[in-house]
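K.L.:
Here it is: the structure, laid out below.
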Amino acid sequence: MGTVKIAPSMLAADFANLERDIHMVNQSEADWFHLDIMDGVFVPNISFGMPVLKAMAEHTKKTLDVHLMIVDPDRYIETFAQIGADVLTVHAEACTHLHRTLQAIKDAGMQAGVALNPHTPVNVLEDVINDIDVVCIMSVNPGFGGQKFIQNTYAKVRKLRAMIDAHKSATLIEIDGGVNATNCTDLVEAGADVLVAGSFVFSSKNPLETIKNLRQVANT
């Protein structure tokens, strides 16, 4: 297993000072930018849309990990590729033909991710696990930052890790929601490769130091 990646979630950034917070993440020891796109339909919240994402992408210097919490994500695959997304993650619950969606994401030149809501079992991915670059396990109910971590996540990660290993897949496991310096070690032990941290990073007094510490703890 390689180095555990840290992906600050820009949903928790200061929207009035986005450029400042983007530069902070650029300068930090973070590996990815995690961007949540919400439509107010698939989840009960609306985040930022294409114009804001396009403006952000012009300043980001690290992997752009875009998480679509939207219905009918297929309509926008090409658009996100043009904007500059490196990883495009769709929700399994939003895709009628998941395999086709994954292929479309890859054909557009991006890595393909699949997110699972807390109630969705990992076995729904068994037949496509070798087509997935990243599985994003939601450890909170999607839609809002700052929620409490769901404890069943550890068991879910272990099941997914066993499935990935059984299929000899290179799929990364990403955890999104409620990640902090207290639970990150257990998540990594369970099999996590990428840790998304929002409120924990941006609500701290020194986000640069928080990212550094989280990365150190996760990789010890």
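Values quoted throughout were computed directly from the atomic coordinates according to the rules given, and no laboratory measurement underlies them. All values reported here derive from a predicted model rather than from experimental measurement. Cβ placement follows ideal geometry from the backbone for every residue including glycine, while neighbour counts extend to all protein chains displayed.
K.L.:
Can you tell me how many residues in segment 81-105 are in contact (Cβ under 8 Å) with a residue 12 or more places away in the chain, surrounded by fewer than 22 Cβ atoms within 10 Å (Cβ to Cβ) and closer than 24 Å to Lys62 by Cβ?
P.N.:
Within segment 81-105, residues that are in contact (Cβ under 8 Å) with a residue 12 or more places away in the chain, surrounded by fewer than 22 Cβ atoms within 10 Å (Cβ to Cβ) and closer than 24 Å to Lys62 by Cβ number 5.
K.L.:
Give me the residue from segment 166-220 that is among the hydroxyl-bearing types (Ser, Thr, Tyr) and not in a loop (DSSP other than H, G, I, E, B) and, out of that set, surrounded by the most Cβ atoms within 10 Å (Cβ to Cβ).
P.N.:
Selected residue: Thr210.
K.L.:
Is it the case, given these coordinates, that Ala55 is surrounded by 14 or more Cβ atoms within 10 Å (Cβ to Cβ) and touching a strand residue (DSSP E or B) at 6+ places or on another chain (Cβ under 6 Å)?
P.N.:
No, not satisfied.
K.L.:
Leu125 passes all but one of (1) outside any helix (DSSP H, G or I); (2) without any contact (Cβ under 8 Å) to a residue 40 or more places away in the chain; (3) closer than 26 Å to Gly40 by Cα; which number fails?
P.N.:
If we test Leu125 against (1) outside any helix (DSSP H, G or I); (2) without any contact (Cβ under 8 Å) to a residue 40 or more places away in the chain; (3) closer than 26 Å to Gly40 by Cα, just (1) comes out false.
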